[in-house]
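Beneath this line is the structure, given in structure tokens, with notes to follow.
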Amino acid sequence: MNGLETIASAPMWAGFVGFVLIMLALDLFVFGGNKAHKVSVKEAGAWSAVWVSLALLFNGGLWWYLKGTVGSEIADQKALEFFSGYLIEKALSVDNVFVFLLIFTAFQVPQQYQRRVLIYGVLGAIVMRAVMISAGAWVVSEFSWVLYLFGAFLLYTGLRMLVAVDEEPDVANNPILRFARRHLRVAEGDHGERFFVAKDGLRYVTPLFLVLLLIEVTDLVFAVDSIPAIFAITTDPFIVFTSNMFAILGLRALYFLLVDVADRFHLLKYGLAMVLTFIGAKMLIMPWYHVPVQASLVVVAVLIAASCVASLFITRKDDKK
């Protein structure tokens, strides 16, 4: 990550990684994240508020530290980049929620087991994102023109989403799932929250393990969209990494918060598609015009808010008929 300019020192990197590990340990071993139970909307809302508050506190602390070390101008810029990146990652993670819901529904996973799957999914996502961000930062530092490829890819992805927004993924015929069923011993039936079971001296994977595998693959697919999107806002690896991590850490709580009302935000995918289209176009026109981070933040916020409000308004209209 040395090839790109960053405001972070080695202690800042170590401190943030330590913070992530501590929060994961607290979630797993203190707050019962590894125990099967049905997550209430109240619990999910409280955890969502915690994660959003921690992200905002981190941004405020970063701004305060940078203001005292490198000046107000850089502090304001980096704080704005973090907030914009976090908003984009948070918005795109909502699309993950819709797909997670489809996977859990297809496999008929009881809600008390979904929490365990998602926490291991988050652990895997953190590792994958760290590797992909490191690789992306290196590629951008060595070949700056790759940003235009990112832009073209995001533009294509956004337009494709607009065209196929009502299409739902065919979970049952997923090629990853077919490959796993051919090459792994699968113990069909209900095995509680276990991922592996032993039968006749052999180890079998359970259907819940297949669900976890699909969740991990889904996050990998979404990372291919979200990481280039945040590189459109900033090429500082520390800002890219921290904003990604905060969005991922809050993903599980966001899922349980939205699981019962996901159908009410049916137009949000249009907003997310337009966000990707805008970001892709922004990256492609960089040689001629640099869109300020403030303008990007406003456009992204307006697109997301408008699609959410439109979803609720149209749902209410449909309910009255």
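The values are calculated or read from the model by the stated rules, or taken from the named source; none is laboratory data. What you see is a predicted model; the values in this text were computed from it and never measured. Don't worry about glycine lacking a Cβ; one is built from the backbone with ideal geometry, like all the others, and counts go over all protein chains shown. Heads up: the accessible areas ignore ligands, DNA and RNA and are worked out on the full protein's heavy atoms, side chains in. Shrake-Rupley method; radii C 1.70, N 1.55, O 1.52, S 1.80 Å.
Can you give me the % of accessible surface on the chain that is carbon or sulfur? Probe 1.4 Å, all protein chains present, nothing else counted.
Details: 10420 of 15770 Å².
Here carbon and sulfur together make up 66 percent of the probe-accessible area.
Rounded to the nearest 500 deg cm²/dmol, what is the calculated helix-only ellipticity per residue at 222 nm for the chain, with -39500 (n - 2.57) per DSSP H run of length n ≥ 4?
-25000 deg cm²/dmol
Dividing the Cα radius of gyration by the Kirkwood radius, what Rg/Rh value follows for region 158-252?
Values: Rg = 17.9 Å, Rh = 16.3 Å.
Here Rg/Rh amounts to 1.10.
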For region 88-218, the Cα convex hull volume per residue in Å³ comes to 143
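What ranking of THR69, THR235, THR206, THR277 comes out by heavy-atom accessible area, probe 1.4 Å, highest first? Display every interim value, and only then the final one.
Values: THR69 80, THR235 50, THR206 0, THR277 25 Å².
From most accessible down to least: THR69, THR235, THR277, THR206.
To the nearest 20 Debye, how big is the dipole of the chain about its Cα centre, given +1 on the beta carbon of each Lys and Arg and -1 on that of each Asp and Glu?
Working: 25 positive and 25 negative charges, 136 e Å.
With Lys and Arg at +1 and Asp and Glu at -1, about 660 debye.
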Cα gyration tensor, region 83-130 - rounded (a/c under 1.5), prolate or oblate: oblate
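Output the DSSP H helices from the chain with an along-axis C-alpha extent of no less than 15 Å and a mean Kyte-Doolittle hydropathy no less than 0.0. Each step should come with its number before you reach the end.
Numbers: long enough: 10-25 (22 Å, 2.00); 41-69 (42 Å, 0.62); 72-106 (51 Å, 0.83); 111-142 (46 Å, 0.73); 146-163 (26 Å, 1.77); 207-231 (36 Å, 2.00); 237-249 (18 Å, 1.73); 268-284 (24 Å, 1.38); 293-320 (41 Å, 1.21).
Passing helices, by number: 10-25, 41-69, 72-106, 111-142, 146-163, 207-231, 237-249, 268-284, 293-320.
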In vacuo Debye sum over C-alpha of the chain, base-10 log of normalised intensity I(q)/I(0) at q = 0.08, 0.09, 0.10, 0.13 Å⁻¹, listed in q order, is -0.39, -0.50, -0.61, -1.03
Hydrodynamic radius of region 53-162 per Kirkwood, over alpha carbon pairs, in Å: 17.3
Could you do me a favour and compute the accessible area per residue for region 28-112, 1.4 Å probe, result in Å²? 50
Once phi is turned into θ = phi - 60°, what whole-Hz ³J(HN,Hα) does the Karplus curve with 6.51, -1.76 and 1.60 give for every residue of region 188-200, x standing for Gly and Pro? 5, x, 8, 10, x, 9, 7, 8, 9, 9, 10, 9, 6
Would you tell me the accessible area of ILE22, worked out with a 1.4 angstrom probe on the heavy atoms of the protein chains, in Å² to the nearest 10? 100
Just to verify a number: what accessible area does ASP200 come out at with the full protein assembly present, 1.4 Å probe, Å² rounded to tens? 150
How far apart, in nm, are the 7 Å Cα→Cβ label points at ALA49 and ARG160? 4.0
What are the equivalent ellipsoid semi-axes of region 191-241, built from the alpha-carbon gyration tensor (square roots of five times its eigenvalues), in whole angstrom, biggest first? 38, 10, 8
Name the residue from LEU249, PHE278, PHE58 whose Cα lies farthest towards the positive end of the charge dipole of the chain, charges +1 on Cβ of Lys and Arg and -1 on Cβ of Asp and Glu. LEU249
Gyration tensor on Cα atoms of region 192-321, a ≥ b ≥ c root eigenvalues, a/c under 1.5 rounded, else prolate if a/b beats b/c, else oblate, says oblate
